[in-house]
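Read the structure below first, then the notes.
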Amino acid sequence: MLRARTRALALAAFTAVLAFGAVPASAGTAVPSAENTSVASTATPMAQADVPASFREDGVRIRRSYDSTSEVLGLGYRNHSVSAFCGVYPDPMVGYYGVQNHTTGVRGYVFWDYMYVENPSALPGC
């Protein structure tokens with residue numbers, strides 16, 4: 001039920017973005033491979049502030065890139081301090097948040113079903 005509601009909200013947000021003609025630069029682009037993606041490329045846009053977030057489960061994989069096959073950089077747990085710095089939606093039913101785990105110092109991407117972000121609409125595209 002929660003996944004269906006989350007996906008419905010994300011689809012509505014994606015549709016709204018398309019309706020206003022402001023598609024994030026990452027929409028429709030190829031997913032970078034783990035070999036040529038550095039952690040430095042996940043830098044937060046200067047004008048945006050991080051949005052408070054939390055992990056929904058323990059042992060959530062934080063990945064180098066926004067795909068399920070990229071290298072795992074670390075794990076996130078519900079008691080960790082974390083914030084989101086961007087959102088990417090390669091498909092209307094799939095999304096990832098760029099996150100900074102302040103407890104471990106790991107910065108990467110997490111599949112959206114495993115995160116709670118307080119204000120996802122405030123996030124820029126990745």
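How many residues are outside any loop (DSSP other than H, G, I, E, B), open to solvent by 10 Å² or more (accessible area, probe 1.4 Å) and among the polar types (S, T, N, Q) when one looks only at region 86-123?
So the count comes out to 2.
Being of a type outside the set (Phe, Trp, Tyr) and over 11 Å from Asn101 (Cα atoms) is the filter here; which residues of region 62-72 pass it? Before the answer, list the steps.
Within region 62-72, the subset of a type outside the set (Phe, Trp, Tyr) is 62-65, 67-72.
Those that are of a type outside the set (Phe, Trp, Tyr) and over 11 Å from Asn101 (Cα atoms): Arg63, Arg64, Ser65, Asp67, Ser68, Thr69, Ser70, Glu71, Val72.
Give Tyr96, Tyr89 a once-over and let me know the one that is at pLDDT 95 or above and among the hydroxyl-bearing types (Ser, Thr, Tyr). Break it down into steps so the answer makes sense when it comes.
Numbers: Tyr89 fails: at pLDDT 95 or above.
Only one candidate passes the filter, namely Tyr96.
Just one of (1) outside any loop (DSSP other than H, G, I, E, B); (2) under 12 Å from the mean Cα position of the chain (by Cα) trips up Gly74, so point out which.
For Gly74, the exception is condition (2).
Kindly provide the set of residues from region 68-80 that are open to solvent by less than 40 Å² (accessible area, probe 1.4 Å) and within 12 Å of Met115 (Cβ to Cβ), ordered by number.
Going residue by residue through region 68-80, those that are open to solvent by less than 40 Å² (accessible area, probe 1.4 Å) are 70, 74, 76, 80.
Correct list: Gly76, His80.
Pick from Ser83, Ser65: which is modelled with pLDDT of 50 or more, assigned to a strand (DSSP E or B) and surrounded by 15 or more Cβ atoms within 10 Å (Cβ to Cβ)? Walk me through it before giving the result.
Working: Ser65 fails: assigned to a strand (DSSP E or B).
When all the criteria are applied, what remains is Ser83.
Answer yes or no as to whether Arg56 is touching a Gly at 6+ places or on another chain (Cβ under 6 Å), open to solvent by 10 Å² or more (accessible area, probe 1.4 Å), closer than 19 Å to Leu123 by Cβ and at pLDDT 95 or above.
Details: touching a Gly at 6+ places or on another chain (Cβ under 6 Å): no; open to solvent by 10 Å² or more (accessible area, probe 1.4 Å): yes; closer than 19 Å to Leu123 by Cβ: yes; at pLDDT 95 or above: yes.
The answer is no for Arg56.
The values are calculated or read from the model by the stated rules, or taken from the named source; none is laboratory data. What you are looking at is a predicted structure, and each value in this text was computed from that prediction instead of being measured. Cβ atoms come from the backbone with ideal geometry, glycine included; neighbour counts cover every protein chain shown. Areas reflect the complete protein model, heavy atoms only, side chains present, ligands, DNA and RNA absent. Shrake-Rupley method; radii C 1.70, N 1.55, O 1.52, S 1.80 Å.
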